[in-house]
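Each remark here refers to the structure printed beneath this line.
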Amino acid sequence: MAPQDRLIPAFSRAPSSPLQGYQTARPPLLDVADLCVAYGRREVVSNAGFRLERGRSLALIGESGSGKSTIARAILRLLPAEARASGHVAFEGQEVLSLPERRFRPLRGRAIGFVPQDPGHALNPVRTIGAQALEAAARLDSGVHDKAARKAHVLDIFAQVGLDQPQRVFDSYPHQLSGGMLQRVLIGLAVLPRPALLVADEPTSALDVTIQKRILDLLSRLREDLDIALLLITHDLAIAAERADRLVVLKDGRIQEEGRTAAVFAAPASAYARKLQGDVPALNPDRYRPLKDRAARQRAETAAGHDKIIVSGMTKRFLVDGRSLTAVDDVSFKVAAGTTHALVGESGSGKTTTIRLLLGLEQADEGEITIAGHRLRAGDRTSMRAVWRQLQLVYQNPFTSLDPSWTVERLVREPLDRFGIGERAERDERVRAALASVRLSEDLLSRRPGALSGGQRQRVAIARALVLKPDVIVLDEPTSALDVSVQAEIVEVLLSLQAELGLTYLFVSHDLALVRQLAETVSVMRHGRIIEDGRVAEIFDQPREAYTRTLLASIPSGASRNALLTPLETEPGRAAARVEVLA
Amino acid sequence: MRHAYLSFAGKRLAQAAVVILLAYVFTFIVVSILPGDPVTNVLRNPQNGFSEEEIQSIIAAQGLDRPVLVQLWSSLSSFLTGDLGLSLRSSRPVTTMIAEVLPSTLTLATSALTVALTLAVLIAYGTQFLPKRWGQGLLRGFPSLFLSVPSFVIGLVLIHVFGFKLGLFRVIEPDSAWATFFAAVALGIPVSARIAEVLIANLDQEARQEYAAVARSRGLGQAALFFRHLVKPSLLPVVTVVALSFGELLGDSLITEAVFGRNGVGSLVQRSVATQDLPVLQAVVSLAAAVFVLVNLLADLVYPLLDPRVTLIGPARQSPTKAVETAAPGAAA
């Protein structure tokens with residue numbers, strides 16, 4: 001019996017592969033057993049074990065702090081000096097952890113490739129891509145010592161990973177390329193020596209959705225073409241289900257569940273895996289239906305039919321390097337009171353500039369903005385103060401948007417102080433009410449952001465926006481820096497608040513699965529223009545524009561692309577499992 | 001890119017020239033408002049034994065009887081043509097006097113800088129890769145130790161050990177190669193401490209960057225990682241420190257030259273201050289200002305070569321979309 005079976009919960013499961021009998025003759029490509037990693041006394045990975053066969057793919061899934069990246073780095077022996085790893089990591093039967101650095105180094109970059117999380121920080125910023133690529137090529141024992149031949153090899157790989165202008169990329173510095181291009185470069189460098197194993201640590205979490213899909217497709221293609229085994233680290237269950245043969249679910253450094261993707265996906269055995277599955281927006285489009293229905297009833301009762309945000313013909317140009325660049329081009333939309341409108345688009349589509357215009361941080365060149373009945377005149381402070389009372393912002397990244405030296409109490413109270421609202425006692429009362437409405441305990445009042453988790457911080461940010469009792473809240477990718485389960489909590493808080501208080505949300509996101517869950521109407525932006533808008537249900541069912549279809553196609557479906565490798569799964573069975581999860 | 005760099009370099013060069021001129025004018029004004037009149041202090045000093053005719057001819061030659069502004073104007077215009085006037089004491093051209101001592105000081109300063117850089121890089125490399133049990137911690141203490149010992153103490157110890165005990169060089173030949181080397185060591189050690197401190201701090205920071213781990217994942221060894229990846233990005237602040245230290249080197253060379261008995265700019269400054277030889281003083285101070293400005297100009301010109309992200313002409317206007325959207329780190333696991 002395969003060793004991984006001792007780790008799965010105690011019920012029988014079909015043998016994982018018809019080839020298993022053959023494969024036990026050779027040691028598996030990667031065999032991890034009893035792996036523990038500790039920082040001082042704090043153990044972050046406990047007794048982790050799994051196997052990866054040649055040419056197969058395995059996904060390590062978990063939230064921040066689950067230890068998934070730590071496992072990846074332990075395998076690559078890239079842990080920081082203060083971390084201690086014990087247990088067994090065998091690569092092609094050879095013990096890796098105890099190997100001297102001198103003997104392990106030849107494995108790195110030749111037999112084991114690494115694709116990091118954030119391509120923007122994974123290349124030396126002061127050297128050209130070419131210099132770094134040649135350096136990697138020079139380490140191969142291909143017998144090629146000719147610089148021109150090496151360069152040709154590098155350019156060839158660049159072309160293979162889908163870079164249109166290999167020579168331009170070769171001559172560029174990292175900051176001159178986009179994140180997607182950099183990730184292609186990094187993948188290219190990782191597969192240059194045709195390694196047997198590729199470790200990809202959240203390879204797409206820093207990228208736009210459409211680019212995410214292309215990068216994942218590239219990895220799948222390379223895996224098949226070059227017969228590389230893939231160890232994929234991700235927090236996104238939908239991506240893992242789509243791309244991996246086997247799944248390992250981690251929580252707090254311990255393996256919760258392990259098995260074939262189809263099996264784990266159809267019937268998660270552990271409570272944690274079930275929760276994880278329930279929290280992935282792509283898999284649960286109707287999760288918040290009851291909350292949204294409640295909000296709709298509330299709207300119908302109060303008959304708040306008028307529009308809270310009216311933007312018409314808004315245009316903004318910037319001067320970049322002497323050229324005029326139209327960041328926002330003739331944008332118009334309306335948001336009805338008590339509803340959520342989503343602005344969707346990739347980086348550079350003009351979403352953020354639109355928000356800055358709404359907040360009066362930039363002055364529009366043309367067009368009109370009306371918020372909760374106030375005509376917006378950017379630059380006029382008194383009129384802007386009236387607008388800001390009605391319009392609050394929840395920023396993208398709660399790790400940088402809260403002053404780390406302020407207490408929660410002071411952070412949430414600040415808007416009241418600024419607008420001189422109420423007496424001291426009344427302010428305290430409102431701060432407490434705001435915290436209660438985002439379900440934060442009053443014990444946190446004296447804490448500072450450093451002592452809060454990401455989810456708690458974002459709730460403080462929401463409480464801070466709520467404390468003025470505004471009509472409109474702008475949500476700028478409010479969950480993109482958070483884990484899926486934390487994201488689900490935040491979304492739930494937001495939708496309950498909307499149902500109770502009749503808030504109007506402008507929700508900016510690139511995550512279409514999330515938009516489908518919580519918005520009523522949507523505008524799709526591209527190159528500063530709105531190319532398509534309407535009700536979410538209609539746009540998602542019948543997109544008119546090719547670009548919208550591309551965006552929709554990038555939502556991971558959770559369906560495995562490796563149909564040949566996984567035994568047939570009866571559709572009704574899978575559907576039943578999904579219903580059970582939702583119930 | 002090349003064109004942008006050249007126009008950037010041209011602008012900085014013009015700025016540097018203006019700063020040097022201003023420094024000259026400033027020195028002139030400071031010297032002229034200082035208490036003590038050179039005529040009474042130097043020329044009429046009975047020790048110097050000038051006769052009244054000689055004094056009158058020197059005053060006429062130096063133009064000391066004219067109004068200050070006129071003196072400034074003529075002094076400035078001859079400065080621009082490279083004429084630094086005549087020494088009050090010896091009546092020799094100041095240019096010649098400086099030319100005599102400058103090579104010695106420049107040799108000392110550049111050797112000292114070489115010593116400082118070499119030492120700093122060695123210490124920094126050690127702190128990155130020397131195993132803990134081989135004294136990495138001890139090595140990290142070196143910079144503070146170096147900073148706390150004055151260079152003249154190091155100089156005296158070096159002379160005692162290598163000059164007298166080991167006989168590597170003779171104290172009466174201060175310009176011999178070994179003597180110059182040890183003078184440079186004495187002068188360079190405190191400077192190396194400062195460079196090493198900044199270099200270590202930056203290397204520590206760069207070594208923690210993701211790209212260092214990724215480079216290691218491609219199979220790079222320690223030395224290759226250090227020299228090809230970590231040093232260059234760590235150098236930016238080091239360049240600033242070196243530029244600032246160079247001025248300090250010139251100042252400290254005064255003491256080191258005295259300790260080692262070298263005849264350099266330092267000893268010229270000492271003599272001209274002691275005898276209130278104003279033209280020489282004016283020239284040396286302006287020279288120091290010029291060196292300072294030129295070294296910092298050099299640093300400015302090196303920055304863009306070290307880091308392609310340095311913008312050449314002022315802060316570039318970023319499009320706000322880019323600025324905000326790139327600030328989103330992914331959920332770190």
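The values are calculated or read from the model by the stated rules, or taken from the named source; none is laboratory data. Please read these numbers as outputs of a predicted model, since none were measured by experiment. We place every Cβ from the backbone using ideal geometry, glycine too, and count neighbours over all the protein chains shown.
One residue stands out in segment B:142-171 among those that are in a loop (DSSP other than H, G, I, E, B) and without any contact (Cβ under 8 Å) to a residue 40 or more places away in the chain: the one that is surrounded by the most Cβ atoms within 10 Å (Cβ to Cβ), namely B:F169. Condition (residue is at pLDDT 90 or above and closer than 13 Å to A:D245 by Cβ) applied to segment A:39-51: is it met by at least one residue? Yes: segment A:39-51 contains one or more residues that are at pLDDT 90 or above and closer than 13 Å to A:D245 by Cβ. Of the residues making up segment B:64-93, those that are surrounded by 13 or more Cβ atoms within 10 Å (Cβ to Cβ) and in contact with a Ser or Thr (Cβ under 9 Å, 6 or more places away or on another chain) are B:R66, B:Q71, B:L72, B:F79, B:D83, B:L84, B:G85, B:S87, B:L88, B:R89, B:P93. Only residues that are away from chain B (no Cβ under 13 Å) and farther than 19 Å from A:R150 by Cβ were counted across segment A:166-179, and they come to 0.
If you filter segment B:276-333 down to residues that are farther than 30 Å from A:L325 by Cβ and either in contact with a strand residue (DSSP E or B) (Cβ under 6 Å, 6 or more places away or on another chain) or modelled with pLDDT under 50 (or both), you find that the one that is surrounded by the most Cβ atoms within 10 Å (Cβ to Cβ) is B:A333. In segment A:352-377, the residue that is surrounded by the fewest Cβ atoms within 10 Å (Cβ to Cβ) out of those that are more than 8 Å from chain B (Cβ to nearest Cβ) and in a helix (DSSP H, G or I) is A:I355.
If you take the residues of segment A:323-335 that are surrounded by fewer than 22 Cβ atoms within 10 Å (Cβ to Cβ) and modelled with pLDDT of 90 or more, which of them is farthest from the other protein chains (Cβ to nearest Cβ)? Even if it seems obvious, please write down each step before you answer.
Here is the first cut: in segment A:323-335, the residues surrounded by fewer than 22 Cβ atoms within 10 Å (Cβ to Cβ) are A:323-326, A:329-330, A:332-334.
Then keep just the ones that are modelled with pLDDT of 90 or more; that gives A:329-330, A:332-334.
Details: A:D329: 13, A:D330: 17, A:S332: 19, A:F333: 18, A:K334: 23 Å.
Only one residue fits best here, namely A:K334.
A:A81 fulfils the conditions (1) under 19 Å from A:V249 (Cα atoms); (2) free of Cβ contacts under 8 Å to residues at least 12 places away in the same chain except for a single criterion, (1). Among the residues here, B:L230 does not qualify as surrounded by fewer than 21 Cβ atoms within 10 Å (Cβ to Cβ), modelled with pLDDT of 80 or more, among the hydrophobic types (A, V, I, L, M, F, W, C) and assigned to a helix (DSSP H, G or I). In this structure, B:A112 qualifies as part of a helix (DSSP H, G or I), in contact with a Gly (Cβ under 9 Å, 6 or more places away or on another chain) and at pLDDT 90 or above. Screening segment A:210-316 for helices (runs of 4 or more DSSP H) wholly inside it with 2 or more residues that are in contact with a strand residue (DSSP E or B) (Cβ under 7 Å, 6 or more places away or on another chain) and not assigned by the TED database to the domain that holds A:L391 returns the ranges A:237-243, A:261-266, A:271-279. Number of residues in segment A:187-199 that are buried (at least 24 other Cβ atoms within 10 Å of the Cβ), within 11 Å of chain B (Cβ to nearest Cβ) and closer than 13 Å to A:V154 by Cα equals 3.
From B:G251, B:G188, which residue is surrounded by fewer than 22 Cβ atoms within 10 Å (Cβ to Cβ) and either part of a helix (DSSP H, G or I) or not assigned by the TED database to the domain that holds B:N296 (or both)? Can you show your working first?
Numbers: B:G188 fails: surrounded by fewer than 22 Cβ atoms within 10 Å (Cβ to Cβ).
Being surrounded by fewer than 22 Cβ atoms within 10 Å (Cβ to Cβ) and either part of a helix (DSSP H, G or I) or not assigned by the TED database to the domain that holds B:N296 (or both) holds for just one of B:G251, B:G188, which is B:G251.
The lone criterion from (1) among the hydrophobic types (A, V, I, L, M, F, W, C); (2) more than 14 Å from chain A (Cβ to nearest Cβ); (3) closer than 30 Å to A:R103 by Cβ left unmet by B:A193 is number (3).
Out of everything in segment A:179-209 that is in a loop (DSSP other than H, G, I, E, B) and modelled with pLDDT of 90 or more, what residue ends up being farthest from B:E210 (Cα to Cα)? Once the filter is applied, the top-ranked residue is A:A196.
Across segment B:262-275, what is the total count of residues that are crowded, with 21+ Cβ neighbours inside 10 Å and outside any helix (DSSP H, G or I)? Give the derivation first.
Restricting attention to segment B:262-275, the residues satisfying the condition of being crowded, with 21+ Cβ neighbours inside 10 Å are B:262, B:264-266, B:268-269, B:272.
When the remaining residues are screened for being outside any helix (DSSP H, G or I), the result is B:262, B:264.
Number satisfying all stated conditions: 2.
At least 2 residues being within 14 Å of chain B (Cβ to nearest Cβ) is the threshold, and among the helices (runs of 4 or more DSSP H) wholly inside segment A:399-503 those reaching it are A:454-466, A:484-501.
Please enumerate the residues belonging to segment B:67-109 that are polar (S, T, N, Q) and either in contact with a Leu (Cβ under 7 Å, 6 or more places away or on another chain) or part of a helix (DSSP H, G or I) (or both).
As a first pass, look at segment B:67-109 and keep what is polar (S, T, N, Q): B:71, B:74-75, B:77-78, B:81, B:87, B:90-91, B:95-96, B:104-105, B:107.
Hits for segment B:67-109 are B:Q71, B:S74, B:S75, B:S77, B:S78, B:T95, B:T96, B:S104, B:T105, B:T107.
If you go through segment B:233-244 and keep only what is of a type outside the set (A, V, I, L, M, F, W, C), under 21 Å from B:T114 (Cβ atoms) and either outside the structural domain of B:L119 (by the TED database) or crowded, with 20+ Cβ neighbours inside 10 Å (or both), you end up with just B:S234. Which residue is surrounded by the most Cβ atoms within 10 Å (Cβ to Cβ), if the candidates are limited to segment A:68-96 and must be more than 9 Å from chain B (Cβ to nearest Cβ) and among the β-branched types (V, I, T)? Result: A:I71.
Look at segment A:349-377 and say how many of its residues are of a type in the set (D, E, K, R) and within 27 Å of the chain's Cα centre (by Cα).
Pass one, segment A:349-377, residues of a type in the set (D, E, K, R): A:351, A:356, A:362, A:365-366, A:368, A:375, A:377.
Checking which are within 27 Å of the chain's Cα centre (by Cα) leaves us with A:351, A:356.
Residues that pass the stated criteria total 2.
Among the listed residues A:A159, A:A148, identify the single one that is farther than 16 Å from A:P193 by Cα, more than 10 Å from every other protein chain (Cβ to nearest Cβ), of a type in the set (A, V, I, L, M, F, W, C) and surrounded by fewer than 18 Cβ atoms within 10 Å (Cβ to Cβ). Walk me through how you get there before you give the answer.
Values: A:A159 fails: farther than 16 Å from A:P193 by Cα.
Within the list A:A159, A:A148, the selection yields A:A148.
Which residues, taken from segment A:338-351, are more than 9 Å from every other protein chain (Cβ to nearest Cβ) and either touching a helix residue (DSSP H, G or I) at 6+ places or on another chain (Cβ under 9 Å) or modelled with pLDDT under 85 (or both)? Steps first, please.
Our first condition is that a residue be more than 9 Å from every other protein chain (Cβ to nearest Cβ); within segment A:338-351, this holds for A:338-346.
The answer is A:G338, A:T339, A:T340, A:A342, A:L343, A:V344, A:G345, A:E346.
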